[in-house]
Amino acid sequence: MDTPDKPILRTLAGESVWPPPMWLMRQAGRYLPEYREVRAQAGDFIALCTNPELAAEVTLQPLRRYGFDAAILFSDILMVPWAMGQPLRFAEGEGPLLEPVRDAASIGALRVTGVAERAAPIFETVARVRALLDVQHQRSALIGFAGSPWTVACYMVEGRGGGEFAQARRLAYSDPALFGRLIRSLTDATAEYLLGQVEAGAEVLMLFDSWAGLLPPAQFRRWVIEPTAELVRRLRKRLPAGFPIIGFPRLAGPLLVEYAQRTGVQAVGLDTAMDPRWAAANLPPNLALQGNLDPQALVSGGPALEAEARALLAALRGRPFIFNLGHGIVPPTPPEHVAALVRLVRTG
Ligand code: 1CP
């Protein structure tokens, strides 16, 4: 059963809860010694994501330490292409490597049906985390997630991260019919994947569109806004009314306004570069805003961290607001800086 008084769920329903609920993107990860221990035990990263016992453990580690208002499923946006049958591995120090899909044959060979069956261990992680939250962290909600079609397609076409996704951006121009086919397959697979997470106990969904900001406006509308709007429509057909969905089109700039209007999400994530005062002035007052402390300020700590965090709180006071970073925690972050930030935000 949902506990209606979870602060993050009230915020996502449009209420201004103060002090604001908080969690941090990549809150489970290499900056935590207890994560590194489990990671070493699991073997490779995919083995960790598909081991429900270990994945549930690392999902909960940051809640035990910091009492965050949300747990985010420990998995990765690339588990959707993996579930569609695209060969994937995570090379130490190099990030994800996929066998690129750039032609009709490889894009046509991707599986859309059967994604939920392959993702079953991930749904099992969701179920375990939810059961543990219900007993041990009753004020915290469980966030399920996926990458948005555009960002996941970037990795699928390029075969790797670390650059500017030139191949993916070129394919979107040179063969929009083929690229559109990839986006549609991904939209179908992602809808199944997210609905499976909700069925297993996720209370919020977040769509990560980390590379949305690489596109000029017309391409942004076509490959970010339209597929996200379609995905949200698909989800809403099968979810309870008002089910909270957070969209994070990173580096969207002023296109964030159109994104929020046309996709129908309840909340948007603000990236590090976004001025929170501009966002507050230009987005509807009942839309929750999430963000956007610079992850590097958290590495630095001290008075600079304090000043940045206080400025962010002041900018968004009185709105539905979820305190977070503008992008994920980076591995050199000292865990005690996170503890200091939590104390600061909790005292408003
Ligand atoms: O060595 C390790 O332990 C692997 C590092 C790692 C981790 C901890 C990767 C590889 N993924 C993750 C977990 C992860 N990824 C989560 C878990 C929940 C949490 O937030 O705690 C989430 C939500 C993601 C989402 C994700 N993966 C995004 C979107 C957010 C973002 O950071 O922009 C992206 C772009 C990825 C791809 C990915 N997976 C891993 C890496 C190193 C990358 C980035 C590759 C690149 O482009 O350089």
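The values are calculated or read from the model by the stated rules, or taken from the named source; none is laboratory data. The shown structure was predicted, so the numbers you read here are calculated from the model rather than taken from an experiment. Glycine gets a Cβ as well: all are built from the backbone with ideal geometry, and neighbour counts include every protein chain shown. Keep in mind that these areas ignore ligands, DNA and RNA; they rest on the heavy atoms of the full protein, side chains included. Shrake-Rupley method; radii C 1.70, N 1.55, O 1.52, S 1.80 Å.
Details
- A single entry from Ala260, Ala340 fulfils the requirement of being away from the ligand (no atom under 16 Å from the Cβ), closer than 30 Å to Arg234 by Cβ, among the hydrophobic types (A, V, I, L, M, F, W, C) and surrounded by 14 or more Cβ atoms within 10 Å (Cβ to Cβ): Ala260.
- Checking Pro176 against (1) surrounded by fewer than 24 Cβ atoms within 10 Å (Cβ to Cβ); (2) touching a Pro at 6+ places or on another chain (Cβ under 7 Å); (3) not polar (S, T, N, Q), the condition it does not meet: (2)
- Residues in the range 50-61 that are in contact (Cβ under 8 Å) with a residue 40 or more places away in the chain and either closer than 11 Å to Gln27 by Cβ or assigned to a helix (DSSP H, G or I) (or both): Pro52, Glu53, Ala55, Ala56, Thr59, Leu60.
- Candidates are the residues of the range 295-312 that are under 22 Å from the mean Cα position of the chain (by Cα) and crowded, with 18+ Cβ neighbours inside 10 Å; the one that is nearest to Leu256 (Cα to Cα) is Leu312.
- Condition check for Leu298: under 26 Å from Arg36 (Cβ atoms) and assigned to a helix (DSSP H, G or I): yes
- Total residues in the range 135-145, condition out of contact with any Gly (no Cβ under 9 Å at 6 or more places or on another chain), more than 9 Å from the ligand (Cβ to nearest atom) and of a type outside the set (S, T, N, Q): 2
- Where helices (runs of 4 or more DSSP H) fall wholly inside the range 70-121, the ranges with 3 or more residues that are open to solvent by less than 10 Å² (accessible area, probe 1.4 Å) and either closer than 16 Å to Glu158 by Cα or away from the ligand (no atom under 11 Å from the Cβ) (or both) are 79-83.
- Count of the range 210-222 residues which are part of a helix (DSSP H, G or I), open to solvent by 10 Å² or more (accessible area, probe 1.4 Å) and within 16 Å of the ligand (Cβ to nearest atom): 2
- Residues of the range 269-284 classified as touching a residue at least 40 places away in the same chain (Cβ under 8 Å) and not in a loop (DSSP other than H, G, I, E, B), total: 2
- Test result for Ala311, assigned to a helix (DSSP H, G or I) and closer than 20 Å to Ser16 by Cα: yes
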